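Quick notes on the structure that follows.
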Amino acid sequence: MGGVRAGTNMATTTKDERQPHLWIKDLKEEDRIKGLYLVRVKKVGTTKKGSPFLSLTLGDRTGEIEAKVWERADVLSPLFSEGDVIHVEGYAGSYRNQIQVTLSDLKVPKDRKVNPDLFLESSARDVTEMMAALRKVLKGIENHFIKSLIEKFLSDRRFVQSFKRAPAAKNFHHSYLGGLLEHTLSVCQMSRYIIEHYPELNRDVMLAGAFLHDIGKIKELHFERKIDYTDEGRLLGHIVLGVELMDEKLMALKDFPRELALRLKHLILSHHGQFEFGSPKRPKFLEAYALHLIDDLDAKMNGLSRFMERDRKEGDWTDFNRLFERYFLKGKIPEVEKKGETGSSEDDRQKVLFSQNP
Ligand SMILES: [Fe+2]
Ligand SMILES: [Fe+2]
């Protein structure tokens, strides 16, 4: 977490076109815009004079912008749909204090294969390194039943491929490619600290729960050009999908103790903590309760840090955060000088004062 995410600087040449992409977050009034953008919303309207126009929301991985097409809207409209990437040319003006682009040209690229990284943000951390770190943490599991269950997932190439690429959410936290892996690793690593602090927690059950708790997200979300829920995601949700994925692997593991399987399933089913947050069960043993709190902490730290990073409001306070229902105080906490450090004690200040004013 923290810092500016890789690749969100203003001019980056993409594979799809040999010219710099103007990122939406950098777009200012009077800028000319030319390049590939994702159509997030498309609506057809009618002007007062009765001619059709297009009202679009265009996006890239840094944000979205409103755009209008006033000319030939009836001809252009059937050529593309929401979710398509189009090549646009236009001019950024202002409407009701918001930047709005008027498009002078619009083309649908013949080659529909576009680099998804242009439209979807990725984790700032290296995916291969994160996966290696996760495997290392999970190696610490000693119970051979749990070990073999985890191994079933880690040796499943299709699973690992999706798991490395999936986001952890559509909006709130780790909502970028690689986010699920980043979040899972973080929950696993925090679990290790918590196990040290509370030795009454079962280490193997904790680590397995940390790894398994959100695996259902690989099926809950699709993440091609934009992150959104799948039908399975909307109808079943990642908690149920996670238990299903676990059941599939358990089928191949004969003699897996029933009590242990129940506990691991409960970790997945209860990790949201409360009914109103989508948990069909509330945590009913120590490890389940600890997992819920660790998961909640990691999700909120990520969500809040990103909100603070992206806030553009002038002044000391952020915009109102609807999820946390409050404003947050910005700015760095001032460094407190330690006593005895060079130049920090009262004596040292006096010396500096006298040497500067002989
Ligand atoms: Fe979850
Ligand atoms: Fe989670």
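The values are calculated or read from the model by the stated rules, or taken from the named source; none is laboratory data. Because the structure is a prediction, the values reported are computed rather than measured. Cβ: placed from backbone, ideal geometry, glycine included. Neighbour counts: every protein chain shown.
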Unique match (being more than 16 Å from ligand 2 (Cβ to nearest atom) and either within 23 Å of Gly233 (Cβ to Cβ) or not assigned by TED's automatic domain parsing to the domain that holds Ala252 (or both)) among Phe163, Phe172, Phe145, Phe159: Phe159
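To keep it simple, each residue is scored yes or no on (1) at positive phi; (2) free of Cβ contacts under 8 Å to residues at least 60 places away in the same chain; (3) in contact with a Lys or Arg (Cβ under 6 Å, 6 or more places away or on another chain); (4) hydroxyl-bearing (Ser, Thr, Tyr).
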{"site": "Asp126", "(1), (2), (3), (4)": "no, yes, no, no"}
{"site": "Gln161", "(1), (2), (3), (4)": "no, yes, no, no"}
{"site": "Arg165", "(1), (2), (3), (4)": "no, yes, no, no"}
{"site": "His174", "(1), (2), (3), (4)": "yes, no, no, no"}
{"site": "Leu180", "(1), (2), (3), (4)": "no, yes, yes, no"}
Test for Glu244: is it of a type in the set (Asp, Glu), surrounded by 13 or more Cβ atoms within 10 Å (Cβ to Cβ) and either modelled with pLDDT of 95 or more or in the same structural domain as Thr230 (by TED's automatic domain parsing) (or both): yes
Residues that are over 26 Å from Asn321 (Cβ atoms) and touching a strand residue (DSSP E or B) at 6+ places or on another chain (Cβ under 6 Å), drawn from segment 158-195: Arg165
Count - residues of segment 316-339 that are at positive phi and in contact (Cβ under 8 Å) with a residue 12 or more places away in the chain: 1
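Restricting the search to segment 270-288, which residues are part of a helix (DSSP H, G or I), in contact (Cβ under 8 Å) with a residue 12 or more places away in the chain and more than 13 Å from ligand 2 (Cβ to nearest atom)? Spell out the reasoning first.
Of the residues in segment 270-288, the ones part of a helix (DSSP H, G or I) are 270, 275-277, 286-288.
Filter again for in contact (Cβ under 8 Å) with a residue 12 or more places away in the chain, leaving 270, 286-288.
Within segment 270-288, Leu286, Glu287, Ala288 qualify.
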So Arg306, is it more than 16 Å from ligand 2 (Cβ to nearest atom) and on the phi < 0 side of the Ramachandran plot: no
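Yes/no per residue for (1) farther than 28 Å from Leu118 by Cβ; (2) hydrophobic (A, V, I, L, M, F, W, C); (3) within 16 Å of ligand 1 (Cβ to nearest atom):
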{"site": "Tyr198", "(1), (2), (3)": "yes, no, no"}
{"site": "Ile218", "(1), (2), (3)": "no, yes, yes"}
{"site": "Tyr229", "(1), (2), (3)": "no, no, yes"}
{"site": "Met251", "(1), (2), (3)": "yes, yes, no"}
Subset of segment 224-244 (residues that are touching a residue at least 60 places away in the same chain (Cβ under 8 Å) and either closer than 22 Å to Gln274 by Cβ or within 16 Å of ligand 2 (Cβ to nearest atom) (or both)): Ile227
In segment 20-70, residue farthest from the chain's Cα centre (by Cα) [restricted to those that are β-branched (Val, Ile, Thr) and in a strand (DSSP E or B)]: Thr46
